Amino acid sequence: MRIDRVKLIAEMARQDITSIQLAEKAGVSRVTVSALRCGKTCTAETAGKIVRALGVDVTEIVEEVKQA
C-alpha cells in the first residue's frame, strides 16, 4: 500500500505535527514515517496506524491507483 506523500505531508502540516510526534502517536518508528514521507510503500497495518493517529480516513491519504 502506498500513502500519497503530498497528502500525508499536507495533513501533517494542517495538524502542525512533526514526524517524531506522528511516529509516537501511531506507534511506529520515525524511520517509517520518514519513508512514507518519501513515497515508500507500507503494510495495510502501518497505514491504519497512521490514519488513526491523524484521525483521517485511509481514503484521504492513500495514493490513487491510476488505470490505463
Set G39, G55: member being surrounded by 12 or more Cβ atoms within 10 Å (Cβ to Cβ), without any contact (Cβ under 8 Å) to a residue 60 or more places away in the chain and on the phi > 0 side of the Ramachandran plot | G39
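State yes or no: is I9 at negative phi and not in a helix (DSSP H, G or I)?
Spelling it out, it is not the case that I9 is at negative phi and not in a helix (DSSP H, G or I).
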Can you tell me which residue within region 1-18, out of those that are charged (D, E, K, R) and in contact (Cβ under 8 Å) with a residue 60 or more places away in the chain, is most open to solvent (accessible area, probe 1.4 Å)?
-> R2
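The values are calculated or read from the model by the stated rules, or taken from the named source; none is laboratory data. Predicted model, so just to flag it, every value in this text is computed and none were measured. Cβ: placed from backbone, ideal geometry, glycine included. Neighbour counts: every protein chain shown. Calculation scope for accessible area: heavy atoms of the full protein, side chains included, ligands and nucleic acids excluded. Shrake-Rupley method; radii C 1.70, N 1.55, O 1.52, S 1.80 Å.
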